[in-house]
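The structure under discussion appears below in the form of structure tokens.
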Amino acid sequence: MAYKKKLPLDPVNTTIESLAHDGRGVSHVNDKVVFIDEALPGENVDFVYTDMRRDYAEGKVVQLHSRSPQRVDPKCAHFGSCGGCSFQHVADEEQIKIKQELLKEQFKRIGKVEIPEIWEALTGPHWGYRRKARMGVKYVAKKGRVLVGFRERRNPFLAEIDSCKVMYPLIGENLLAFGEMIAQLTIKDKIPQIEVAIGDNEVVLAFRVLEPPTEQDKQILRDFGRQHQISICLQPKGPDTIAPLDGEPEVIPSYTLAEQGVKFNFKPAMFTQVNYEINQKMVTRALDALELTAEDRVLDLFCGLGNFTLPLATKAGYVVGVEGDLPLVNHARENARLNNLDNVEFHAADLTKDVRDQAWSKHKFTKVLLDPSRAGASEVLHNFKHWQPERIVYVSCNPSTLARDAGILVNELGYKLVKAGVMDMFPQTGHVESIALFVKK
Ligand SMILES: C[S@@+](CC[C@H](N)C(=O)[O-])C[C@H]1O[C@@H](n2cnc3c(N)ncnc32)[C@H](O)[C@@H]1O
């Protein structure tokens with residue numbers, strides 16, 4: 001709960017002790033932990049308080065008295081105000097070390113499991129990597145301008161940014177142009193968001209429209225799309241209403257995992273991995289770690305549109321993919337057909353619920369891959385007693401739930417953690433993507 005009393009105004013001097021998982025520096029002042037934006041361990045700083053709670057406080061640096069060797073100058077002028085990135089002030093190779101340390105610490109503290117071997121980090125492009133995003137749009141009447149981009153740090157308002165260096169450049173370098181184009185539309189205040197979907201050869205933007213655009217609006221959008229070689233779609237209601245502008249062909253974005261020779265079609269609002277280079281490396285690493293043979297019957301949980309399932313099917317005897325979102329399941333089936341893979345089946349199921357009565361769940365599986373959302377997979381793990389996989393690869397976008405679930409696998413279900421490590425899926429941001437390999441004891 002926030003204190004009602006005013007925050008102290010005078011700067012306070014302190015030395016940063018460690019780094020929190022979101023990239024903020026941690027220090028103790030008057031026995032209270034303070035999380036300080038953009039401050040690095042070892043640095044002596046003057047900071048001012050930005051928030052004061054009962055158990056902790058927050059602050060931002062006003063003067064840096066010493067500079068950590070890990071520190072670099074942020075590349076983006078909006079770093080600090082835009083909430084998209086929180087690690088631009090840390091050298092690229094240090095970011096990954098910090099994330100590896102965080103993973104180790106969370107396994108130990110939350111899962112009560114030591115990582116016996118740190119899996120060498122998978123690395124790729126540090127900038128311009130992001131091919132999938134939902135960008136906010138806001139017409140600000142007072143400024144007579146339309147903002148396009150991401151939210152401010154710890155604030156619900158859209159940041160005033162004109163470019164984004166982690167986004168794929170055709171989008172990231174054109175945010176100002178998007179805003180100027182939208183400002184010409186009669187429905188400029190009726191567009192809350194844009195889905196960005198960038199395939200290997202296609203760029204599709206789906207504009208959520210709360211009111212139908214006029215013919216003139218459509219022409220402006222069409223001309224803009226042609227000028228920038230972007231396929232523009234409208235989304236009048238839910239994600240399944242996304243459709244091209246009248247008279248324009250439907251462009252289906254796709255990506256290919258060249259190492260496995262598998263191609264995926266997807267729709268703009270569907271979940272896909274945002275960083276294609278790391279995705280390719282991650283899929284290859286997962287497949288190698290599972291040591292697949294034609295005898296294997298593999299279960300891919302939280303399978304999405306089949307990003308791991310189809311590559312698994314190129315190596316294993318049979319693969320079952322399970323996913324909670326029915327449109328994704330249908331799309332996964334279509335992608336299997338597209339790739340002529342017939343040793344794979346997909347099922348829709350809520351994996352937080354009891355799935356024991358579902359036909360697919362009654363079989364045994366030699367290997368399991370799982371890639372849940374941030375909440376992790378604790379509920380489904382207890383089925384492993386029945387499925388009896390000998391090898392498990394767990395991919396995660398949240399180290400704390402991965403650590404918790406590693407604790408269940410190791411301390412309750414008889415698995416040994418072989419190795420775990422991070423993958424640089426989201427450079428410059430506080431997001432941590434990781435992977436762990438478990439084998440039956
Ligand atoms: C991180 S994504 C991974 C998708 C896929 N493995 C990939 O690489 O593209 C997590 C997936 O879990 C699905 N999911 C989330 N909660 C679920 C639940 N309770 N039951 C089943 N699937 C769920 C989401 O729809 C999403 O597709």
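Overview of results
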{"quantity": "D (Stokes-Einstein, µm²/s), Kirkwood Cα radius, the chain, 1.306 mPa s at 10 °C", "calculated": "67 µm²/s"}
{"quantity": "Taking segment 12-64 and dividing mean pair separation by its residue count, relative contact order in percent (alpha carbons under 8 Å, at least six apart)", "calculated": "33 percent"}
{"quantity": "Distance in nm between pseudo-label sites at Asp92 and Leu9 (7 Å out along the Cβ direction from Cα)", "calculated": "4.4 nm"}
{"quantity": "Selection from Phe365, Gln428, Val418, by position along the positive dipole direction of segment 320-441 (Cβ)", "calculated": "Val418"}
{"quantity": "Most to least packed among 82-91, 97-106, 110-119 [average Cβ atoms within 10 Å]", "calculated": "82-91, 97-106, 110-119"}
{"quantity": "Label point distance in nm, Arg53-Asn343, each placed 7 Å from Cα along Cα→Cβ", "calculated": "5.0 nm"}
{"quantity": "Among the listed pairs Lys132/Lys263; Lys75/Lys104; Lys142/Lys165; Lys104/Lys440, those beyond 24 Å (Cα-Cα)", "calculated": "Lys75/Lys104; Lys142/Lys165"}
{"quantity": "FRET E, pair Thr256, Ala294, Förster distance 35 Å, beta-carbon r, rounded to 0.05", "calculated": "0.90"}
{"quantity": "Aspartates and glutamates whose Cα lies under 19 Å from that of Lys112, excluding same-chain neighbours fewer than 8 positions away", "calculated": "Glu101, Glu379, Asp405, Glu412"}
{"quantity": "Förster radius 30 Å - calculated FRET efficiency between Glu120 and Ser18 (Cβ-Cβ, nearest 0.05)", "calculated": "0.80"}
{"quantity": "About the Cα centre, charge dipole magnitude for segment 12-64 (Lys/Arg +1, Asp/Glu -1 at Cβ), debye", "calculated": "120 debye"}
{"quantity": "About the Cα centre, charge dipole magnitude for the chain (Lys/Arg +1, Asp/Glu -1 at Cβ), debye", "calculated": "900 debye"}
{"quantity": "Furthest towards positive pole of dipole, Tyr56, Asn13, Val45, structure part segment 12-64, Cβ charges", "calculated": "Tyr56"}
{"quantity": "Mean Cβ neighbour count within 10 Å, used as a protection proxy, ranking 276-282, 234-240, 295-301 highest first", "calculated": "295-301, 276-282, 234-240"}
{"quantity": "Top of Asp223, Asp371, Asp92 by mean-square fluctuation, Gaussian network on the chain, Cα under 10 Å", "calculated": "Asp223"}
{"quantity": "Label-zone membership for segment 270-287, site Arg374, 7 angstrom Cα→C-beta point, backbone N under 13 Å", "calculated": "none"}
{"quantity": "Among Ala141, Ala57, Ala294: highest mean-square fluctuation, GNM of the chain, C-alpha pairs under 10 Å", "calculated": "Ala141"}
{"quantity": "The chain: relative contact order as a whole-number percent, Cα under 8 Å and 6+ apart", "calculated": "13 percent"}
{"quantity": "Ala141-Lys237 pseudo-label distance in nm [points 7 Å out on the Cα-to-Cβ vector]", "calculated": "2.9 nm"}
{"quantity": "Efficiency of FRET between Glu202 and Lys75 - r from beta-carbon atoms, R0 41 angstrom, step 0.05", "calculated": "0.90"}
{"quantity": "Student exercise, segment 304-395 dipole from Lys, Arg, Asp, Glu Cβ charges, in Debye to nearest 20", "calculated": "300 debye"}
{"quantity": "Binned Cα-Cα distances of segment 12-64, short to long, each 5 Å bin given as a whole percent", "calculated": "5, 25, 40, 24, 6, 0"}
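Every read-out reported here was derived from the displayed coordinates using simple, explicitly stated rules and does not represent laboratory data. Just so it is clear, the structure is predicted and the values come from calculations on it, not from any experiment. With ideal geometry, Cβ positions are generated from the backbone for all residues, glycine too; neighbour counts draw on all protein chains shown.
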